[in-house]
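Notes follow the structure.
The values are calculated or read from the model by the stated rules, or taken from the named source; none is laboratory data. Here the structure is a predicted model, which means the values were calculated and not measured. As a convention, Cβ positions derive from the backbone with ideal geometry for all residues, glycine included, and neighbour counts pool all protein chains shown. Each accessible area value is taken on the protein alone, full model and side chains, heavy atoms only, with ligands, DNA and RNA left out. Shrake-Rupley method; radii C 1.70, N 1.55, O 1.52, S 1.80 Å.
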Amino acid sequence: MVIGVGAAAGWYFLGKDSGPALVGTTSAPAIDCNTAKADIDAAFASLAPETKATYAGLQCDAAKLTFAEVRFAGQNAGGTETGAFKLTGVVVDGVFFDNIKKIFNPAAYGGQPVTDRLPLINKLTAAKVTIGPEQGGAAFDDLAIVALGARQFAKAPPLGALGSMGPADAIDALQAFAFDSLGFKNLSGGEPGAAPSLTVAAINITAFDGVTLGGLDITTLAAQEPGKPGKVGIGSISLKGLGIGDLAALAKAAPGMADADTEGLKALMAVSFDSAAVKGFDASGFESPDDAVKIASLTIDKLKALATARVALEGLEGYSSEGEVSFKLGHLILTGIDVGTAMQGMVAGTATEPDFAKLRVDGYDLADLAIGPKTGDKVTLASLVASSSDYVDGIATRGTAKLAGFVFPATVIESEADRQPLIDLGYEALKLEMNVDYAYDPKAKTMDMKDFTLKLLDGAALSLSFNFGDFDVKALQEASAAMQPPLALMGAKVVKLSLGYVDDSLISRILKVAAKEQGQTPEALMAQAKQMVAMQAQSAPGPVTKAAVEAVAKFLDNPKSLTIALAPPTPVTFAEIGAKFEDLEGLAKSLGLTVTAN
């Protein structure tokens, strides 16, 4: 409490403000040194009994006040001091005593509070500030506040009670102040008698108008819990345009909120900023002495209501000794992230969990991902670039994705029995590439899968394209969310479809493994397969199905490529397809089936 009381009482001379613009430095009236001491004494005397304020070494001239020390101490009912807020080497340039009385003297309040922003102090500096008990607590050097101003509070201020205000009054007090800049250096804090558990080289805040921080910059932060191995280090944090104005409305509504989680979520939804950047984040030793996390750089742009325009991350590393889990990431960019829309039901109190169907990420750009043990082979991904756009009713109507350089080593499979099939196929690692390109028309309910290609290097490539009509994505999403069968799919119509396979040694690999298991040669096994297909061609129910089977036979003669195409004269629903399985020739004709080999 003493920190809050001391800091708030300190605003008697170091205010903040709220309103449409910053105060800015202005010409202050000359200080009347004959009355300055009496004004200061009266201000300190107005504090509540549990707050004791003292000063020493006051010097005065027409332009500034200097103090050897200014101290605010909290004390209990027995008069024992519980903590203190102390400034030493204080210099106050440009003091507006009349304005200070208008803001802090209860007698100056009458009717509606004065909303005009009034300058209080042009500049305040302190060589050193300590907070808390004489031993321990926190301390920092070179405090400097420029262009300090304030408006009147919502109600007359009992200064001694500022540390125990309710949320609405506390936020009103915070938003009553403003300054052009506030900064200090060499912050350190910790338990009494122990080494500092928190250190910060410098903090600088600019352009605070009671609602928005123009900038917040923190340099070289280090934290460690006393007696424990866990520690955190951050090279720098930079926030631009941090908006907290909506928190006032939140705080005023808080007494009627029974659900603390809802209150916290509303607080998050109310925060916004133009940009945030973290560099050199390093954490280790929380679960065990060996675990660690590193983030060389993290940047977030344009956050509002838990939606952001862009998140960029580089050089992340992770390691946990107990589970031998390791994680590396050289590059990640996410664009158009919207979490807030999925949370709206929880904020309104109409839902107890997020609506994940409304969770959006418009774009991914992932590179140099590695997952696996700290030493040894890892699952790696060279690049994944994906995007979704043109949302309608929460559905992305355009989407693309391209995956390259995905490598899955067989050695990451712990069980030898599970690993052996890959080894038998001749793969020390699976190497995959993928490409996706689709468009969806929510009005016409047409899904156009332009390309879906999955390629196993030194194996095969599978490609799919199709156009479906009456394809109701929203109905399918709702069925999935309700864990119901996708009945809407039965009404979807096949307009066209193409499924292609291109072999690059996979069939020969499978033949070798299957032949070995059956005690045959690959050639003998292939001959059996050809014989079975030839028999199927002879017994085909009609010309369309016979041509399809003959194309499969041609493929087996020289396995290179096989394409199955559907081009029905009129679109066919999935329900109709299911009803015609007993008439294969009729089904093949209605689907416009063609099969092409090599």
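Give all pairs with beta carbons closer than 7 Å in which a residue from region 401-415 that is under 18 Å from Leu456 (Cα atoms) and free of Cβ contacts under 8 Å to residues at least 24 places away in the same chain meets a residue that is open to solvent by 50 Å² or more (accessible area, probe 1.4 Å) and not in a strand (DSSP E or B); count only pairs at least 6 apart in sequence or on separate chains.
Ala410/Arg419; Ala410/Ile423; Ala410/Glu428
Being closer than 24 Å to Ala296 by Cβ, assigned by the TED database to the domain that holds Ile145 and either among the hydrophobic types (A, V, I, L, M, F, W, C) or at pLDDT 80 or above (or both) is the requirement here; does Ile203 meet it?
yes
As an exercise: evaluate Glu317 against (1) open to solvent by less than 70 Å² (accessible area, probe 1.4 Å); (2) closer than 26 Å to Val385 by Cβ; (3) not hydroxyl-bearing (Ser, Thr, Tyr) and give the number of the one condition it does not meet.
(1)
Does region 508-525 contain any residue that is over 32 Å from the mean Cα position of the chain (by Cα), closer than 24 Å to Thr594 by Cα and in contact (Cβ under 8 Å) with a residue 12 or more places away in the chain?
no
Looking at (1) assigned to a helix (DSSP H, G or I); (2) more than 30 Å from Lys445 (Cα to Cα); (3) touching a helix residue (DSSP H, G or I) at 6+ places or on another chain (Cβ under 9 Å), can you tell me which one Ala540 breaks?
(1)
Is region 487-495 home to any residue that is β-branched (Val, Ile, Thr), open to solvent by less than 70 Å² (accessible area, probe 1.4 Å), part of a strand (DSSP E or B) and in contact (Cβ under 8 Å) with a residue 40 or more places away in the chain?
yes
Could you check, for region 312-320, whether at least one of its residues is in contact with a helix residue (DSSP H, G or I) (Cβ under 6 Å, 6 or more places away or on another chain) and either on the phi > 0 side of the Ramachandran plot or of a type outside the set (Lys, Arg) (or both)?
no
Quick one: in region 100-139, of everything that is modelled with pLDDT of 90 or more and open to solvent by less than 20 Å² (accessible area, probe 1.4 Å), which residue is farthest from Ala43 (Cα to Cα)?
Filtering region 100-139 for residues that are modelled with pLDDT of 90 or more and open to solvent by less than 20 Å² (accessible area, probe 1.4 Å), the one farthest from Ala43 (Cα to Cα) comes out as Ala139.
Quick grid of which residues meet (1) out of contact with any Asp or Glu (no Cβ under 9 Å at 6 or more places or on another chain); (2) of a type in the set (Asp, Glu):
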site	(1), (2)
Asp390	yes, yes
Leu403	no, no
Lys431	no, no
Met434	yes, no
Pro442	no, no
Thr453	no, no
Gln477	yes, no
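Kindly provide the set of residues from region 29-79 that are polar (S, T, N, Q) and over 24 Å from Ala139 (Cα atoms), ordered by number.
Asn34, Thr35, Ser46, Gln59
Going by the structure shown, is Gly592 open to solvent by less than 70 Å² (accessible area, probe 1.4 Å), more than 48 Å from the chain's Cα centre (by Cα) and under 25 Å from Ala488 (Cβ atoms)?
yes
Filter region 541-552 down to the residues that are aliphatic (A, V, I, L, M) and open to solvent by 30 Å² or more (accessible area, probe 1.4 Å), then identify the one that is farthest from Leu525 (Cα to Cα).
Selected residue: Val544.
Within region 334-417, which strands (runs of 3 or more DSSP E) (wholly inside it) include 2 or more residues that are out of contact with any Pro (no Cβ under 9 Å at 6 or more places or on another chain) and basic (Lys, Arg)?
395-409
Yes or no, residue by residue, for (1) modelled with pLDDT of 95 or more; (2) touching a Gly at 6+ places or on another chain (Cβ under 8 Å); (3) of a type in the set (Gly, Ala, Ser):
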| site | (1), (2), (3) |
| --- | --- |
| Ala417 | no, no, yes |
| Glu433 | yes, yes, no |
| Ala460 | yes, no, yes |
| Ser463 | yes, yes, yes |
| Leu487 | no, no, no |
| Val495 | yes, yes, no |
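Restricting attention to region 25-51, report how many residues are part of a loop (DSSP other than H, G, I, E, B) and over 19 Å from Lys123 (Cα atoms).
Looking only at that region, the number is 5.
Restricting attention to region 51-91, which residues are among the hydroxyl-bearing types (Ser, Thr, Tyr) and touching a residue at least 12 places away in the same chain (Cβ under 8 Å)?
Scanning region 51-91 gives Thr51, Thr54, Tyr55, Thr66, Thr82, Thr88.
Give the residue, chosen from Leu456, Leu432, Leu425, Leu403, that is over 30 Å from Ala488 (Cβ atoms) and open to solvent by less than 40 Å² (accessible area, probe 1.4 Å).
Just a single option satisfies the conditions, and that option is Leu456.
Can you pull out the residues in region 568-589 that are part of a loop (DSSP other than H, G, I, E, B) and surrounded by 14 or more Cβ atoms within 10 Å (Cβ to Cβ)?
Hits for region 568-589 are Pro568, Pro571, Lys580.
Identify all residues within region 184-242 that are small (Gly, Ala, Ser), farther than 15 Å from Phe281 by Cα and buried (at least 16 other Cβ atoms within 10 Å of the Cβ); write none if there are none.
Ser188, Gly189, Gly190, Ser197, Ala202, Ala207, Gly210, Gly214, Gly215, Gly241
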